Ligand code: NDP
Ligand code: 2IT
């Protein structure tokens, strides 16, 4: 494989898809050496078959808003790769959603799911619909209209969606309800469902908790204790909330959270009580993070990201490309020694290069945020055997999966000088499993 040629071919065939190109380039650069040790891969043109999704569904979603006006949005589902199990991955509802973003997410998901040790292929879907500012009824009508198209392409053994940005328990509930009505089956084709109808305990917490468990594994390699470490978190949605919750319980001090309008800086640290305010603000009131600063009298910075604040550890948990090269340099200059990604691809290539050059502990999203989809996999298992596991059982399995992912990263990412390149480790480990599965199943 010649990475440059593969990339230029992809760019020519799929122009105007910058996020997809970015994600593919990052993976190919790091797996090139391992890939080229296996001449049989090229013979089977594994690389193109791995980079180009198996299929992509695009559809119009039509719904009626509270004023009686007819609205249209675009809907998508990318079925990227099912070599190791059914297509699996979240649904994103955000105004920025387009094919490029969903293709990058589905590509990343394929390697992430491979790392989880569970039998899941990679997929992703979504819409440019934004739930923000919409009434419950509008969200419900949209979800129902979306699934009226999507349902025929998904199923418990084919493709199992879940949540992502803009899609939480409420949206999954509405989508699953409509799915069941159309498909006339009750086998758990979505994950992240409510606990009363087949959801798994710890699924809401899983991405945030899993990221902290991964961070603990990284810190262990250096003998560093999390207690009293100052942590900058971005985002204030599902992943950020449970990241902060776990950090507080371990005695770390979280000083920032954010949303798409700006960030708050609380030098005293966000404690349990303040976090409860954020849970209510974001999940019930659906308000803005600015209101936290108003309530607790701390700093709020409009239109900015938190990376200029001094911290030991950064846990980006909002969206892609939210840490650029300048942000990375600011973090490093302030003494940040660990970055663990809750979001998917939050660091730009420039930022990643800075972290790796500085040899700090740096965990890419596909390893660090894999706890969410892992517990989704455990939800699928519980649905299959028609049993529910206890909170302790699921949490113990999540911890053991995150440790396993850390070991896989170490296996392929440890350099001669002892530095663990988690980017390389995660990409090569994730790739090798998918590659072997694809080779064994013939040319498809
Ligand atoms: P939520 O919708 O619950 O929260 C998203 C948060 O990020 C909100 O605070 C939101 O602010 C902010 N945000 C979203 N888009 C932007 C943007 N363009 N610029 C700045 N801020 C933005 O989503 P999740 O917490 O579920 O997802 C966060 C990240 O974690 C995403 O990258 C997602 O792909 C990733 N992830 C999620 C998993 C899951 O299980 N949910 C699993 C693995 C990864 P606002 O309220 O203003 O929109
Ligand atoms: O990016 C992700 O891993 C998710 N949004 C979760 C996917 C899932 O199927 O639980």
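Computed from the coordinates by the stated procedures, all read-outs in this text should not be read as laboratory data. Note that the coordinates shown come from a computational prediction; the quantities given were computed from them, not determined experimentally. Cβ coordinates were reconstructed from backbone atoms using ideal geometry, including for glycine residues, and neighbour counts include every protein chain displayed.
One table, with the values for the structure above:
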{"quantity": "Ranking of 265, 362 by count of other Cβ atoms within 10 Å, fewest first", "calculated": "265, 362"}
{"quantity": "Segment 393-444 shape via C-alpha gyration tensor axes, a/c threshold 1.5", "calculated": "oblate"}
{"quantity": "Volume per residue that the Cα convex hull of segment 288-444 spans, once the total is divided by residue count, Å³", "calculated": "187 Å³"}
{"quantity": "Normalised per residue, the volume of the convex hull around the Cα set of segment 93-140 (Å³)", "calculated": "88 Å³"}
{"quantity": "Residue 228 versus residue 415: modelled label distance in nm, points set 7 Å from Cα along the beta carbon direction", "calculated": "3.1 nm"}
{"quantity": "Where a label projected 7 Å from the Cα of residue 157 along Cα→Cβ would reach, residues of segment 73-98 with amide N under 15 Å", "calculated": "85-87"}
{"quantity": "Relative intensity, log₁₀ I(q)/I(0), of segment 132-231 from a Debye sum that treats every alpha carbon as a point, q = 0.14 Å⁻¹", "calculated": "-0.63"}
{"quantity": "Kirkwood Rh, angstrom, segment 1-42 [1 / mean 1/r, Cα pairs]", "calculated": "10.8 Å"}
{"quantity": "All Cα pairs of segment 41-133, percent lying beyond 20 Å", "calculated": "43 percent"}
{"quantity": "Quotient of Cα Rg and 2.2 N^0.38 Å for the chain, N being how many residues it contains", "calculated": "0.93"}
{"quantity": "For the chain, calculated [θ]222 nm from helices alone, where every DSSP H run of n ≥ 4 adds -39500 (n - 2.57)", "calculated": "-15000 deg cm²/dmol"}
{"quantity": "Cα-only Debye scattering, segment 307-383: base-10 log of I(q)/I(0) at q = 0.17, 0.21 Å⁻¹", "calculated": "-0.60, -0.82"}
{"quantity": "Distance from segment 352-374 to segment 244-265 (C-alpha centre basis), Å", "calculated": "19 Å"}
{"quantity": "Segment residue 440-residue 272, extension gain: residue separation times 0.36 nm, minus the distance between their alpha carbons", "calculated": "55.5 nm"}
{"quantity": "Efficiency of FRET between residue 33 and residue 197 - r from beta-carbon atoms, R0 56 angstrom, step 0.05", "calculated": "0.75"}
{"quantity": "Equivalent ellipsoid dimensions for segment 66-220 as semi-axes, Å, which come from the Cα gyration tensor, largest first", "calculated": "26, 17, 17"}
{"quantity": "Rg/Rg_globular for segment 1-80, with Rg_globular taken as 2.2 N^0.38 Å and Rg from C-alpha atoms", "calculated": "1.56"}
